[in-house]
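To start, the structure itself, in structure tokens.
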Amino acid sequence: MEFFCYHRDRAGSLQLRDELLEEHWSYMDRFSAEMIARGPTLAGDGDTPTGSVHIIDLPDPAAARAFAFDEPGYQAGVYRDVLLRRWRNVLGRTMWEFPGGRDGGNRYLVLGLGSGPAADLDAPRGRDELIAYGPLLSDDGTAWLGTAALVRAPDPDTARAVLTPHRHACVEVHDWQFGGRR
């Protein structure tokens, strides 16, 4: 089962986050075989982290909760909240298999939250710039709760356009970069 996990940083936690960076990476290294995508979201300066995205294949919702809440930064209070949802890997690949590589161009997390009739279950046309894409689902996989995408785009508005307009209750666009050890 695939899961989307987004830890959002707590205000004022940057120093603690920096102190725990090696512990965070070591923890994530334990899941390298299961990882589909990972990386920080960033503030407008393109440098200051605001959150941490992980898309991962785990056996069940209990394992996903353990992954999210045993993370060292979460345990130490770096994050203000965690969004954890089942996810379906529509592209069928990892971020490391993205043909555009890990560098070059602007990268974004596009997060559309919703309810009601499902939208954006399939990748949009022109998916060459999609790094990861899939619907957010309930734990049992039956209810659509939104869509999450990692995309290379020239600007946030272009990134937002990967989702169908007016089908999500809210859409967030965050600067994002490939994560992990360089």
Seminar exercise, completed: Filtering segment 150-160 for residues that are surrounded by 13 or more Cβ atoms within 10 Å (Cβ to Cβ) and part of a loop (DSSP other than H, G, I, E, B) leaves a count of 0
Exercise. Which one is surrounded by the most Cβ atoms within 10 Å (Cβ to Cβ), of the residues in segment 161-174 that are in a strand (DSSP E or B) and out of contact with any Lys or Arg (no Cβ under 7 Å at 6 or more places or on another chain)?
Worked result: His174
Exercise. How many residues are surrounded by 14 or more Cβ atoms within 10 Å (Cβ to Cβ) and either part of a helix (DSSP H, G or I) or under 14 Å from the mean Cα position of the chain (by Cα) (or both) when one looks only at segment 1-18?
Worked result: 11
Exercise. If you go through segment 106-125 one residue at a time, do you hit one that is under 16 Å from the mean Cα position of the chain (by Cα) and closer than 12 Å to Phe3 by Cα?
Worked result: no
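Readers should treat all values here as calculations from the given coordinates under stated rules, not as data from a laboratory. Predicted, not measured: the structure shown is a model, and the values here were computed from it. Glycine gets a Cβ as well: all are built from the backbone with ideal geometry, and neighbour counts include every protein chain shown.
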